[in-house]
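The values are calculated or read from the model by the stated rules, or taken from the named source; none is laboratory data. Quick caveat: nothing in here was measured; it's all calculated off a predicted structure. All Cβ positions, even for glycine, are placed from backbone atoms using ideal geometry, and neighbour counts span all protein chains on display. Quick note on the areas: whole protein, heavy atoms, side chains included, nothing else; ligands and nucleic acids left out. Shrake-Rupley method; radii C 1.70, N 1.55, O 1.52, S 1.80 Å.
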Amino acid sequence: LKSFKWLWRRMEYLGTNKNWAKLFSDYGHMASSIKIWYETLRKKFPNKKLITIFQPHQITRIFTGRDDFIESFKWYDQIIIYDIYAAREDITHFDFSKKGKNINSIEELGYNFAKSCNWKYINKRTNLEDEINKAEEKDIIIVFSAGDVDYLIRKNINIIPTTI
C-alpha cells in the first residue's frame, strides 16, 4: 500500500479555466462509467451546469454502443463530441459503407453521431479550446477520453490549479 500511487484520470480534478469553471478529466470511454459519473457529479454540484466533452474511443464502439452512449449522456446539460480516437483501428482500410448509411470517413461518423443526438461535434483542437475557455463559473466541464484529448487540454489550456 505504501507504493500505491492512486488512480490517475478517474474523475481527476485539473483546476479551473480563467472564468472559474471547474475542469475534470476521466479515462471513461464506456457508457456505464459516463452515467455513473453524472450521478456522482450531480450530487456534488447540484446547481451547476454539467458540460461533457467526449472523445469516442474506437470507430466500432460508436456503431455497437451508440444507444448506450445516448442513454448515458441524456442527463448532461451539454454534450460535445470531439474527434474520434481510432485506437487499434486502421482507418485507411475501414469500410464505413458496411457500418452506416452515407458515412465515408471518421469525420462524417463523428458528425453524424453528434447530429443525430442534437449534440455538438468538434474536430479541431482550437475549437475545443474555445469551448473550454468560454465556460463560466456555473459550469463543470468533464472530459471523457481514452485518447489524446486529455494531453491536448493539459498542454494547451491555461488551467488554474485550485482545490475543490
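You will find that of 40, 52, the residue that is β-branched (Val, Ile, Thr) and under 12 Å from the mean Cα position of the chain (by Cα) is 52 and no other. Among the candidates 91, 106, 122, the residue that is farther than 14 Å from residue 66 by Cβ, modelled with pLDDT of 90 or more and among the aliphatic types (A, V, I, L, M) is uniquely 122. Touching a helix residue (DSSP H, G or I) at 6+ places or on another chain (Cβ under 7 Å) and either open to solvent by 20 Å² or more (accessible area, probe 1.4 Å) or farther than 15 Å from residue 11 by Cβ (or both): does that describe residue 37? For residue 37, the condition - touching a helix residue (DSSP H, G or I) at 6+ places or on another chain (Cβ under 7 Å) and either open to solvent by 20 Å² or more (accessible area, probe 1.4 Å) or farther than 15 Å from residue 11 by Cβ (or both) - is not met.
The rows are residues; the columns are (1) open to solvent by 30 Å² or more (accessible area, probe 1.4 Å); (2) closer than 21 Å to residue 149 by Cβ.
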residue: 11; (1), (2): no, yes
residue: 18; (1), (2): yes, yes
residue: 24; (1), (2): no, yes
residue: 31; (1), (2): no, yes
residue: 42; (1), (2): yes, no
residue: 49; (1), (2): yes, yes
residue: 54; (1), (2): no, yes
residue: 58; (1), (2): no, yes
residue: 69; (1), (2): no, yes
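Taken residue by residue, region 28-37 has at least one member that is within 20 Å of residue 154 (Cβ to Cβ) and modelled with pLDDT under 90.
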